[in-house]
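A.B. asks: Here's a structure for you.
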Amino acid sequence: MTPTPVGMRCPECASQRTRVTRGVGEASLFSRAPATFVLIALNVAVYFAEIGSGGGGFEGSSSSLIPEFALFGPSITGGEWYRIVTSGFLHAGLLHLAGNMILLYFLGRILEPGIGTVRFVAIYIVSLLAGSCGALRLTPLSLTFGASGAVFGILAATFVIARGRGVDALASTVGILILFNLAFSVGVRGISLGAHLGGLAAGFLCALLILAGERGRLGERHLPAELLAMAALGIVAVVGAFAAA
């Protein structure tokens, strides 16, 4: 398999000449990875909402949305379960937002066309939930937020899918990215290692389910089986988050 602008293709397909139609470049870019662009837009929109509710400037850390919607164990046990989801769309500042969205942009344009939008969204959601679970496991009494749990899940899934389909060059590049970001998570204070590890584990497992389906291990109608198994992982992550909180 070879990484191309339209996903991962076999060597024979990649070597073929493709007819180019002018005038549809931007539309086709969105159509190849619509969920990637929608997720980026949602995160950016929430960040602007943070700025609007903050103390001025372009930093989101002073926003009133942070204490209201970020992960915080006692608040979740008090009934504010939605924090498990909403925390994944909050960011502390422009660098925090940009780092996550740049990774999502480049990885999403590769992974989403390669596995389909439904699978891609499922991985993102399950990884977000697992990231929240991991963060609550390690730091239940800290305010934790950011899309990094979900993005780490996309990182792990891209690595596993690329490796499973024989795109070793891409797998090696993504593997280096994962190691670098894990080292950064351990070495820098204020970064949620639990969220990153939880997202990585979820993305890894979701990708294994996809490969199992593609190899005929989940029956002929493997897509519903894959999605049901991913939904089960998401439920386990939510239950684990409540238990940790």
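The values are calculated or read from the model by the stated rules, or taken from the named source; none is laboratory data. What you are looking at is a predicted structure, and each value in this text was computed from that prediction instead of being measured. In this analysis, Cβ positions are derived from the backbone assuming ideal geometry, glycine residues included, and neighbour counts consider all displayed protein chains. With ligands, DNA and RNA removed, areas are computed over all heavy atoms of the protein, side chains included. Shrake-Rupley method; radii C 1.70, N 1.55, O 1.52, S 1.80 Å.
A.B. asks: From Ser63, Ser53, which residue is at pLDDT below 90, over 22 Å from the mean Cα position of the chain (by Cα) and open to solvent by less than 10 Å² (accessible area, probe 1.4 Å)?
C.D. replies: Ser63
A.B. asks: Moving on. Among residues belonging to the stretch 144-177 that are within 17 Å of the chain's Cα centre (by Cα) and assigned to a loop (DSSP other than H, G, I, E, B), point out the one that is nearest to Leu200 (Cα to Cα).
C.D. replies: Across the stretch 144-177, the extreme among qualifying residues is Ala147.
A.B. asks: Another question about this same structure. Is it fair to say Glu112 is modelled with pLDDT of 95 or more, open to solvent by less than 10 Å² (accessible area, probe 1.4 Å) and charged (D, E, K, R)?
C.D. replies: Spelling it out, Glu112 is indeed modelled with pLDDT of 95 or more, open to solvent by less than 10 Å² (accessible area, probe 1.4 Å) and charged (D, E, K, R).
A.B. asks: Of the numbered conditions (1) at pLDDT 95 or above; (2) out of contact with any helix residue (DSSP H, G or I) (no Cβ under 7 Å at 6 or more places or on another chain), Ile76 satisfies every one except a single condition; which is it?
C.D. replies: Failed condition: (2).
A.B. asks: So is Phe180 under 24 Å from Phe106 (Cα atoms), part of a helix (DSSP H, G or I) and touching a residue at least 40 places away in the same chain (Cβ under 8 Å) or not?
C.D. replies: No; evaluated as a whole, the condition is false for this residue.
A.B. asks: Does the stretch 231-242 include one or more residues that are of a type outside the set (A, V, I, L, M), buried (at least 16 other Cβ atoms within 10 Å of the Cβ), touching a Gly at 6+ places or on another chain (Cβ under 8 Å) and not in a loop (DSSP other than H, G, I, E, B)?
C.D. replies: Among the residues of the stretch 231-242, not one is of a type outside the set (A, V, I, L, M), buried (at least 16 other Cβ atoms within 10 Å of the Cβ), touching a Gly at 6+ places or on another chain (Cβ under 8 Å) and not in a loop (DSSP other than H, G, I, E, B), which makes the answer no.
A.B. asks: Taking the stretch 183-196, which residues are part of a helix (DSSP H, G or I) and crowded, with 21+ Cβ neighbours inside 10 Å?
C.D. replies: Within the stretch 183-196, Gly194, Ala195, His196 qualify.
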